[in-house]
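Written below as structure tokens is the structure these notes are about.
Bear in mind that the values in this text are calculations on the coordinates, not laboratory data. Since the structure is predicted, the reported quantities are computational estimates derived from the model, not experimental observations. Don't worry about glycine lacking a Cβ; one is built from the backbone with ideal geometry, like all the others, and counts go over all protein chains shown.
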Amino acid sequence: MPVVHQHGPCSPLADNRNGKAPSHAEILAADQRRAEYIHRRVAETTGRARRRKQGAPVELRPGTPPSSIVVPSSSSATSTTDLPASYGVALGTGNYVVPVRLGTPAERFTVVFDTGSDTTWVQCQPCVAYCYRQKEPLFDPTKSATYANISCSSSYCSDLYVSGCSGGHCLYGIQYGDGSYTIGFYAQDTLTLAYDTIKNFRFGCGEKNRGLFGRAAGLLGLGRGKTSLPVQAYDKYGGVFAYCLPATSAGTGFLDLGPGAPAANARLTPMLVDRGPTFYYVGMTGIKVGGHVLPIPGSVFSTAGTLVDSGTVITRLPPSAYAPLRSAFSKAMQGLGYSAAPAFSILDTCYDLTGHKGGSIALPAVSLVFQGGACLDVDASGILYVADVSQACLAFAPNADDTDVAIVGNTQQKTHGVLYDIGKKIVGFAPGAC
């Protein structure tokens, strides 16, 4: 399916927008909250399969937002499909979106796709407390002939990170790093992706939702957990998917589901599955600037670990890896004659490109090196985050501590075909895929 920038002219959300798109400062602030959320999740889940939170129950009724989401507990043949993906700025998010259809008859929804989440969900009628404004009408389960709630006694209910029970029906609850949350019934229905249908697909029917999801109808979970799309549809797609994120808001990328031979130019690295569920871990071993390997001890990356995430905008590095990158990049930019500019939000290495607007800009090459020798040669569009022509910043940021996991963000993934194969336990990067 084609993938487009959500804020660009090709976006299905480009028309009839109400409200203002988020500023760069807002996008980066939300991105920092997401990175901190991932760091907490990794700390919680590393070394154990699940963690159930304890606390006062959250009910599906009007009320104040919860401080923590806790839902009350109760006593192969494979095929291929592809979806269009768009950047999420027009929805008020910094993520990429795809169209899906749900129910019988099928209704179209635009959802964020996220490799850092497992459970798919959409906003549903009735909203018992609050639903944020979205582009399409809310999903109405009473109008779908194939919708069914999942029983509390079902093993599927226990697959949830947080689950509960109401009237014999399974409840789910998800809280994200910025305080956004969704609560509702865990259900099943027919999911349609392009021309493929997945019967009895399990998802969250959210009746109490709040947060920074912009105008998206919900989220498509592409993580490694039991409730994710790749795992639920493993028999159909073989646990394989790939996407390419366009370089600009006017470009087009793709989200493909299903097996196929990796591109001839794909660089493959092992997927490390011993660090916990959901996330896609890889082994970063080094960084290059201008073709030269930076003097970073291997222990810096092995201590923190690294994951690849479609929902994080800016790549996060251990401070002991970021400092050499910043130093080498700054030296190279100074040699190219660029003037320094003030820091912007979480980005501390910025340049004034005023005199270069509309012309070609030479940049030092930046590459991320992974186990097996796989290299992610960052596209020029992923080296700088351009808040303004007078403030274009190195699109990397340091973590607070060397023990925090490194995150390869979507800015650095632009134009690469990023392959995930859960069965073969590999992640791949194919340059120039879109």
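What dipole magnitude, in Debye to the nearest 20, does region 267-430 give about its Cα centre under +1 on Lys/Arg Cβ and -1 on Asp/Glu Cβ? Mind dumping the intermediate values first?
Values: 10 positive and 11 negative charges, 67 e Å.
Using Cβ point charges on Lys, Arg, Asp and Glu, region 267-430 gives about 320 debye.
Pairs of Cα atoms in region 267-430 fall into 5 Å distance bins, from 0 up to the last occupied one, in shares of 2, 9, 18, 23, 20, 14, 8, 4, 2, 0 percent.
Most exposed first by the Cβ proxy, i.e. fewest other Cβ within 10 Å, how do SER228, SER144 rank? Walk me through the numbers before you get to the answer.
Details: SER228 25, SER144 18.
If I rank by nearby Cβ atoms, fewest first, I get SER144, SER228.
Per-residue packing, averaged as other Cβ atoms within 10 Å, sorts the ranges 301-309, 231-239 into the order 301-309, 231-239, beginning with the highest.
Sorted fewest first by neighbouring Cβ atoms within 10 angstrom, TYR281, TYR195, TYR96, TYR130 come out as TYR195, TYR130, TYR281, TYR96.
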